[in-house]
1. Of all residues in region 1-43, count the ones that are polar (S, T, N, Q), without any contact (Cβ under 8 Å) to a residue 24 or more places away in the chain and not in a loop (DSSP other than H, G, I, E, B).
2. Out of all the residues in region 15-36, is one or more exposed (fewer than 15 other Cβ atoms within 10 Å of the Cβ), touching a strand residue (DSSP E or B) at 6+ places or on another chain (Cβ under 7 Å) and at pLDDT below 95?
3. Identify, by number, the condition in (1) at pLDDT 95 or above; (2) hydrophobic (A, V, I, L, M, F, W, C); (3) under 18 Å from residue 77 (Cβ atoms) that residue 343 doesn't meet.
4. Checking residue 300 against (1) outside any helix (DSSP H, G or I); (2) modelled with pLDDT of 90 or more; (3) not hydroxyl-bearing (Ser, Thr, Tyr), which single condition isn't satisfied?
5. If residue 318 meets every condition in (1) of a type outside the set (Ser, Thr, Tyr); (2) out of contact with any Gly (no Cβ under 7 Å at 6 or more places or on another chain); (3) over 20 Å from residue 21 (Cα atoms); (4) assigned to a helix (DSSP H, G or I) apart from one, which number is that one?
6. Filter region 137-172 down to the residues that are assigned to a loop (DSSP other than H, G, I, E, B) and not acidic (Asp, Glu) and list them by number.
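The values are calculated or read from the model by the stated rules, or taken from the named source; none is laboratory data. Every value quoted in this text rests on a predicted model; they were computed, and no experiment measured them. Glycine also receives a Cβ, built like all others from the backbone with ideal geometry; neighbour counts cover every protein chain displayed.
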Amino acid sequence: MTLEELKKSGAIIFESISGSKAYGLDTATSDTDIKGVFILPKEQFYSLNYIGQINNDTNDVAYYELNKFIELLSKNNPNIMELLNVPKECVLYKHPIFDTIKKDDFLSKLCKNTFANYAFTQIKKARGLNKKIVNPVEKERKSVEDFCYVRQENQSMLFKSFVEKNNFNLKGFGLVKLAHMKDCYNLFYNEDLNYNGIARKNANDVCLSSIPKPEQPIAVLYFNVDGYSTYCKKYKEYWDWVEKRNEERYKNNISHSKNYDAKNMMHTFRLLHMAKEIGLDGEINVRRNDRDLLLAIKNADFDYDELVHKAEKIKGELDEIYKNSNLIERPNMRLVNQLAYNIREKFYNL
């Protein structure tokens, strides 16, 4: 089922603007995020074609099937819990049956960990961006040869330096694996014997050649397989990130020169403050009354270490807050399961 098919199906029971516009933290360049809940047609729900979630490519628009929605609520997932109290002006559509889902049946002391842990993953993401900014990966991809080393007599050097030093032709090299020596090879050179070289173009491993018995190796070659694998992973991660990154957000992070993703840090404090409010008041405050502080964090008005210290302090306060909270320990799964069943049956009978 596509998004277009879902919207025409009549299966949606809730749809709302979410994200920064729901929090009241949007700016002129903010996207409009949409979240919603739907109920699969009866024949599809009972078949093997169950669909738990439908979203667009960027996940800015996401709809959750009732079972998945209820399951995530029972785990006190922060992104899902907030749908139970979005500002009225953000609600695009709500079927009356959705009102049978009450926050008091789900809001529990699990929020201490779900909100706080999610908050601290944002800290890691915020710092992780710095590594990409200050350690860019060159567009031209390195080859197997860049991770090969040659030992000749008492010296060890990069294979490419060895070739350049001796003015060798790359097509004149041949390799034979050395027994009992991992990733080590005898290196042969003869321009007249049609050897395969040490690696084919765009290959991820060295290649071997058939070597006549009279031939003698000129050196031992070592291929740093682990180093090459790590590089390939880093290369892919970096250029995937470049392809998918939000350029406006990236330029903002570059401009403030604080070496962290300020938007991630803003969400860290939004989540921690929400966790604190839930523990103290039992309320999911989606529309933020700490907007000025959060936007100052997004604007990188604070140093990273200062923010981490503040976040750790709030996280430490949560233990005492939740210890004295009147919240239930966790949702009653018998009641949760009955609720999911009642909603589905009632919807199918309408």
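1. Of the residues in that region, 1 qualify.
2. Yes, some residue in region 15-36 is exposed (fewer than 15 other Cβ atoms within 10 Å of the Cβ), touching a strand residue (DSSP E or B) at 6+ places or on another chain (Cβ under 7 Å) and at pLDDT below 95.
3. (3)
4. The number of the failed condition is (2).
5. Of the numbered conditions (1) of a type outside the set (Ser, Thr, Tyr); (2) out of contact with any Gly (no Cβ under 7 Å at 6 or more places or on another chain); (3) over 20 Å from residue 21 (Cα atoms); (4) assigned to a helix (DSSP H, G or I), the odd one out for residue 318 is (2).
6. Applying the first criterion (assigned to a loop (DSSP other than H, G, I, E, B)) to region 137-172 yields 137-143, 153-154, 167-169.
Residues satisfying the conditions are 137, 139, 141, 142, 143, 154, 167, 168, 169.
Rundown of residues vs (1) outside any loop (DSSP other than H, G, I, E, B); (2) more than 23 Å from the chain's Cα centre (by Cα), yes/no style:
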| position | (1), (2) |
| --- | --- |
| 59 | no, no |
| 62 | yes, no |
| 71 | yes, no |
| 92 | yes, yes |
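Yes/no per residue for (1) at pLDDT below 95; (2) assigned to a loop (DSSP other than H, G, I, E, B):
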residue	(1), (2)
232	yes, no
238	yes, no
253	yes, no
260	yes, yes
265	yes, no
287	no, yes
295	yes, no
